[in-house]
Each structure stands twice: as structure tokens, then as C-alpha cells.
Amino acid sequence: MAQNDNNGGNLGFEAELFKAADKLRGNMEPGDYKHVALGLIFLKYISDAFEARHAQLLAEDGADAEDPDEYRADNIFWVPMEARWSHLQANARQSSIGTLIDEAMRAIEKDNPSLKGVLPKDYARPALNKVMLGELIDLVSGIALNEGNDRSKDVLGRVYEYFLGQFAGAEGKRGGEFYTPRSVVRTLVEMLEPYTGRVYDPCCGSGGMFVQSEKFVAGHGGRIGDIAIYGQESNYTTWRLCKMNLAVRGIDSDIRWNNEGSFHKDELRDLKADFILANPPFNISDWGGERLRDDMRWQFGPPPVGNANYAWLQHIFHHLAPHGFAGVVLANGSMSSQQSGEGDIRRAMIDAGAVDCMVALPGQLFYSTQIPACLWILAKDRGNGLVKNTRLRDRRGEILFIDVRKMGVLVDRTRRELTGDEIQKIASTYHAWRGEKEAGEYADIPGFCKSATLDDIRRHGHVLTPGRYVGAAAQADDGEPFAEKMARLAAQWREQQKEAARLDVVIEANLERLGF
């Protein structure tokens with residue numbers, strides 16, 4: 001199976017599978033087809049997990065394979081007979097297949113309260129081509145066929161995640177509302193290292209931050225149960241995608257939905273998180289800030305009613321635990337804007353020691369916008385903060401700036417991704433700077449990173465744009481002695497001057513011949 005570390009995912013069978021599924025879409029809009037395809041992948045996942053446990057119970061003496069509690073005890077969804085994948089696959093070519101899928105979804109929701117209101121149930125609608133639906137069932141049936149339970153879960157989880165990304169690309173701006181590119185999420189996760197504790201996202205989209213956090217824990221030898229997942233989402237359709245995405249991964253979570261959003265109805269108002277990872281909508285202007293002027297969350301000053309960037313930063317900082325860290329994706333303008341008091345809020349955050357690190361990202365990373373973006377890394381305790389039970393060094397009085405605008409590789413005509421090596425360089429630089437022993441010694445690198453003092457930052461008017469601090473990259477020495485290089489360049493310049501003079505004579509003669 002082909003591995004591609006550049007974008008954090010596998011681009012082998014998943015890509016071929018998506019191409020095959022996309023061909024079946026025909027004239028159907030990607031935004032509508034997304035729910036059709038992802039719903040079936042989810043159904044296949046819970047059915048596979050159920051069937052694997054069902055076979056185990058049948059082989060055990062005295063076990064009741066039709067007792068729902070036997071499955072719930074192992075965190076496996078109970079799947080009634082009419083909702084099992086084998087039943088749907090056997091009827092895939094029937095004209096009633098859409099109705100059968102809808103009935104299967106309703107039966108699963110009825111028997112599994114945590115999925116109530118989550119699953120798509122409009123497969124029987126007349127506009128949905130039933131031949132296409134049958135062919136899609138056949139295609140999905142081949143995913144993780146004959147795999148063991150854990151392996152099946154991993155394969156289906158990867159397929160679901162890959163499809164989410166591809167649909168986000170197909171939908172363009174609308175796709176960016178529910179999906180943060182994997183390389184951006186991986187950068188945040190590798191920098192913050194959420195090994196244990198509460199992980200929160202106040203605008204969680206389809207749950208990519210949580211999936212990558214769980215992957216990080218598993219990939220570094222930790223136990224998945226050591227982190228607790230919390231989130232909130234205001235878009236009901238996106239919340240459903242998130243719930244399915246986490247369920248496919250077997251991730252237990254507390255994800256809340258209301259259409260008022262985290263600012264106006266903070267579902268987790270008492271939560272103090274150890275790690276917060278978030279990609280809020282950029283520069284949102286209609287967030288209702290005029291109704292929240294005296295909110296307790298605005299520790300550093302009331303954010304402008306016409307832009308929610310500093311409302312997100314302060315909402316997130318408010319929810320951090322005493323040793324908590326946060327990584328926030330925002331538009332580049334947030335680093336330098338002076339409008340409507342944003343400069344004053346930024347100065348207050350800097351003076352209070354809330355900002356730990358700033359990262360300027362390359363362009364073309366996002367499906368939804370061409371606006372350049374950056375990462376804000378916030379920390380509640382920069383004096384002697386804890387990471388993996390290790391005391392970090394006292395970083396008060398300085399901020400790390402990292403500029404990676406020239407990094408990344410083009411993965412298609414319009415979109416760029418950070419490579420695995422680039423993500424590791426960013427993360428290891430941050431870890432070394434904040435004093436993690438195993439990360440080695442930190443050193444400023446011209447053009448890439450700079451540890452700036454608060455005096456440096458004040459001289460720049462509290463602007464946090466990394467390019468102002470890191471300077472220009474050092475030019476490689478080509479080994480040519482200076483005197484020889486100057487002599488060569490001077491001779492080259494004189495030859496070019498002679499050639500320019502000769503061409504001037506030729507052009508003048510041609511103009512005279514033409515009568516000008």
C-alpha cells in the first residue's frame with residue numbers, strides 16, 4: 001500500500017477508491033454526494049465491528065450473540081438484523097435499496113442513543129439514482145474485506161478521512177467550512193503533543209483535530225484512553241460528519257451542537273482543557289459581538305464587533321487549564337491589525353505572557369480561502385509549565401517566531417501541503433526552544449526562526465509577523481574568493497554595457513530607415 005508522508009495520509013487504494021466512487025456520482029453535486037458516500041462507509045464500519053464481535057460471541061460457550069449489552073460493553077454499536085451490511089449488500093440491486101438503507105439508519109439510531117440525529121436518512125429520495133446507489137454499495141463492500149476487527153477499523157477510518165479531504169477539495173470554499181487540511185492539523189498536533197488530558201475544539205468541524213490527536217497518542221506509544229475529547233460545532237450537518245468521523249475511529253467524545261455557537265451558547269462553559277486545537281472561520285464579521293461587550297472571557301479587552309479573530313483567541317485562552325496549551329489557525333491579518341482595538345488586545349496578550357510562539361504558514365494550504373494564514377500558540381503558564389511531567393524552561397519575556405512561508409510542496413495546481421520532514425522541523429524547533437531535553441539545543445536560524453525579547457516586539461509596535469524578526473536566510477558560500485568574484489562580475493557588467501550600446505545603435509538605425 002503506497003505511503004505518502006507528505007500529507008499525512010495514504011494515497012494508495014484510498015485514491016483509487018475515491019476515483020471509482022466519484023465516477024458513480026454523475027451529475028450529483030459533491031456536497032450532496034458526500035453524505036451519501038460517507039454514510040455508507042460509516043454503515044459498513046459499524047456493521048464490520050458488530051459482525052466481528054458477533055462471530056466471537058457465537059464461538060463462546062454461554063454467550064448470547066443477540067444480546068445488545070454484549071456489544072455495548074465493548075464500545076461496539078448494536079446493529080439490528082435489518083441494518084447489517086450483508087442484508088443491504090444482498091439487496092443492492094433492488095429498486096427498494098434506498099428505502100432499505102434509510103430503515104437501517106433509523107434502526108441503528110433507535111438502538112444506539114449516541115447516534116440519534118446523526119446518520120443520513122434520505123437515500124430513498126426520488127432524485128437519488130438507485131443504480132448508482134447499488135454500485136456504490138458494491139464498491140464499499142470491498143473495503144477492509146476479510147480484515148480483522150482492529151485492522152478493519154483502521155482501514156475504514158483512513159478511507160473516511162481521505163474521502164472527507166477529497167470532498168472538501170471538490171466543494172472549494174464550502175468544503176473548508178468542515179475540513180482543515182491534514183498537514184496543518186499535523187503541525188499543530190506535533191507542536192502541542194497532546195499525550196494526556198482534555199483536548200477541546202470550540203469549532204470542531206468534522207473532527208480532524210481529534211483524529212490526528214488520537215493518531216499522535218497511538219503513534220508515540222501512549223494509550224488512547226489517556227485523552228478525553230470535547231468539542232462544539234454550530235453547523236448541524238458538519239456536527240453529524242464529526243460524530244460519524246469519530247465513531248468510525250472508535251473515539252469516545254463529548255461533541256455538542258447548537259446553532260448559536262460557542263460565543264453565545266458555550267455548551268462547555270466550565271471546561272478547562274489541557275490542549276485546545278482550533279481552526280475558526282477567518283475574519284468572521286457577523287458573530288454578534290455587540291451582544292457580548294462585557295463578557296467575562298474578554299480578559300484582554302472587548303473584541304471588535306466586526307471581526308471575531310480576537311474573540312476566538314480570548315475564548316480559547318479562557319478555556320485553558322493552568323498548564324494548558326492552545327494552537328489556533330487564523331488569518332495573517334490577526335498578527336498586525338490595529339483596527340477597532342485589535343492592536344491593544346494583542347499588546348495586552350503579549351504583556352501578559354499569553355503568546356508562546358507564532359508561525360507564518362505558506363500560501364495555498366486551504367481549500368476555502370487564498371488568505372495567508374498563521375498559527376498562534378498560546379500557553380497559560382510560561383514560567384514553569386509542564387509537558388509529559390517535565391518542567392519546561394521559563395519563557396516569560398520572549399516569544400518564538402517561525403517563518404515557513406517558503407516551505408510546502410504543490411500537490412495539485414492550486415494547493416500546497418507541508419511535508420512530514422517540514423512539520424518535524426517546525427515542531428522540533430519549538431520543542432527545543434521551550435526546553436524539552438530530548439529536543440536538543442535551540443538556536444536562532446536566519447530566515448527561519450528567532451527567539452525575540454519583549455523589547456524587540458515593543459520596538460515593532462507589538463506586531464507579531466514572524467518575517468519582521470527572523471531576518472533573511474543566510475546565503476550559501478559558493479567557495480569563490482571575493483576578489484575573483486568581483487573581477488568576474490565587473491567584467492561581465494562591462495560586456496553587457498557594450499552589448500547594450502551596440503543594440504542602441506542598431507535600433508536607432510532601424511528607426512531612421514523607417515522614417516522616425
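The values are calculated or read from the model by the stated rules, or taken from the named source; none is laboratory data. All values reported here derive from a predicted model rather than from experimental measurement. We place every Cβ from the backbone using ideal geometry, glycine too, and count neighbours over all the protein chains shown. To get the accessible areas, we keep the full protein, side chains included, count just its heavy atoms, and leave off ligands, DNA and RNA. Shrake-Rupley method; radii C 1.70, N 1.55, O 1.52, S 1.80 Å.
Using a simple spin-label model with points 7 Å from Cα along the Cα→Cβ vector, what separation in nm is obtained for Ala472 and His323?
Taking the two extended label points, one gets 4.4 nm.
Please list the three semi-axes, largest first and in whole Å, of the ellipsoid equivalent to the range 262-325, using sqrt of 5 times the eigenvalues of its alpha carbon gyration tensor. Intermediate values should be presented prior to the final figure.
On the way: eigenvalues 77, 32, 22 Å².
Working through the eigenvalues yields semi-axes of 20, 13, 11 Å.
Taking 1 over the mean of 1/r across every pair of different Cα atoms in the chain, what Kirkwood radius in Å do you get? Intermediate values should be presented prior to the final figure.
Details: mean 1/r = 0.0390 Å⁻¹.
Hydrodynamic radius (Kirkwood, Cα pairs) of the chain is 25.6 Å.
In square angstrom, rounded to the nearest 10, how much accessible surface does Phe448 have for a 1.4 Å probe?
Rounded to the nearest 10, the figure is 10 Å².
Could you state the angle between the C-alpha long axis of helix 482-513 and the longest principal axis of the C-alpha atoms of the chain, as a value from 0 to 90 degrees rounded to the nearest 10?
80
Please identify which residues in the range 222-252 have an amide N closer than 17 Å to a label point set 7 Å out from the Cα of Asp286, following the Cα→Cβ vector.
234-236
Set the bar at 32 Å for Cα to Cα. Now go through Lys116/Lys272; Lys116/Lys380; Lys34/Lys272 and name every pair that lies beyond it.
Numbers: Lys116/Lys272 27 Å; Lys116/Lys380 37 Å; Lys34/Lys272 34 Å.
From Lys116/Lys272; Lys116/Lys380; Lys34/Lys272, over 32 Å: Lys116/Lys380; Lys34/Lys272.
Out of Thr99, Ala500, Ile399, whose Cα points farthest toward the positive end of the dipole of the chain (charges: +1 Lys, Arg; -1 Asp, Glu; placed on Cβ)?
It is Ala500.
Using a 1.4 angstrom probe, figure out how much accessible area the chain has per residue, in square angstrom, rounded to the nearest whole.
Numbers: 23580 Å² over 516 residues.
In whole numbers, the chain has 46 Å² accessible per residue.
Indicate, rounded to the nearest 5 percent, the antiparallel portion of the DSSP beta bridges found entirely in the chain. Walk me through the intermediate numbers first.
Working: 23 of 44 bridges.
Rounded to the nearest five, the antiparallel share is 50 percent.
Taking the Cα centre of the chain as the origin, how large is its charge dipole in debye, to the nearest 20, when only Lys and Arg (+1) and Asp and Glu (-1) carry charge on their Cβ atoms?
Details: 62 positive and 74 negative charges, 244 e Å.
I would put it at about 1180 debye.
Under 20 Å Cα-Cα from Lys437, which lysines qualify once same-chain neighbours fewer than 8 residues away are excluded?
Straight-distance partners of Lys437: Lys388, Lys425, Lys450.
Using a 1.4 angstrom probe on heavy atoms only, work out the carbon and sulfur share of the accessible area of the range 310-432 in %.
C and S fraction of accessible area: 45 percent.
How do His431, His460 rank by accessible surface area computed with a 1.4 Å probe, from largest to smallest?
Values: His431 15, His460 65 Å².
Ranked from most to least accessible, the order is His460, His431.
Can you put Arg468, Arg488, Arg198, Arg415 in order of accessible area, largest first, using a 1.4 Å probe? If you can, show how the numbers build up before the last one.
Details: Arg468 130, Arg488 110, Arg198 85, Arg415 25 Å².
These residues rank, largest area first, as Arg468, Arg488, Arg198, Arg415.
How tilted is helix 182-192 with respect to the longest principal axis of the chain? Cα atoms for both, answer in degrees (0 to 90, nearest 10).
Taking the Cα atoms of the chain, the angle to 182-192 is about 80 degrees.
Based on the Cα coordinates of the range 303-425, what is the per residue volume of their convex hull in Å³? Provide the component values of the computation, followed by the final result.
Working: hull volume 15.1 nm³, N = 123.
Spelled out: Cα convex hull of the range 303-425, divided by residues, is 123 Å³.
Considering the dipole of the chain built from charges on the beta carbon (Lys and Arg +1, Asp and Glu -1) around the Cα centre, which of Val159, Phe50, Tyr230 is farthest to its positive end?
Final value for the positive-end residue is Tyr230.
Taking the Cα centre of the range 357-459 as origin and charging only Cβ (+1 Lys, Arg; -1 Asp, Glu), how large is the dipole, in debye to the nearest 20?
Numbers: 18 positive and 14 negative charges, 52 e Å.
Approximately 240 debye in magnitude.
Pairing the Cα long axis of helix 236-248 with the longest principal axis of the chain, what angle in degrees results, from 0 to 90 and rounded to the nearest 10?
80
Looking at the range 434-514, which GluC sites (Glu not before Pro) are DSSP coil and have at most 16 other C-beta atoms within 10 Å of their C-beta? Mind dumping the intermediate values first?
Details: sites: Glu436, Glu438, Glu441, Glu484, Glu495, Glu499, Glu508, Glu512; in loops: Glu436, Glu441.
Those satisfying the criteria are Glu441.
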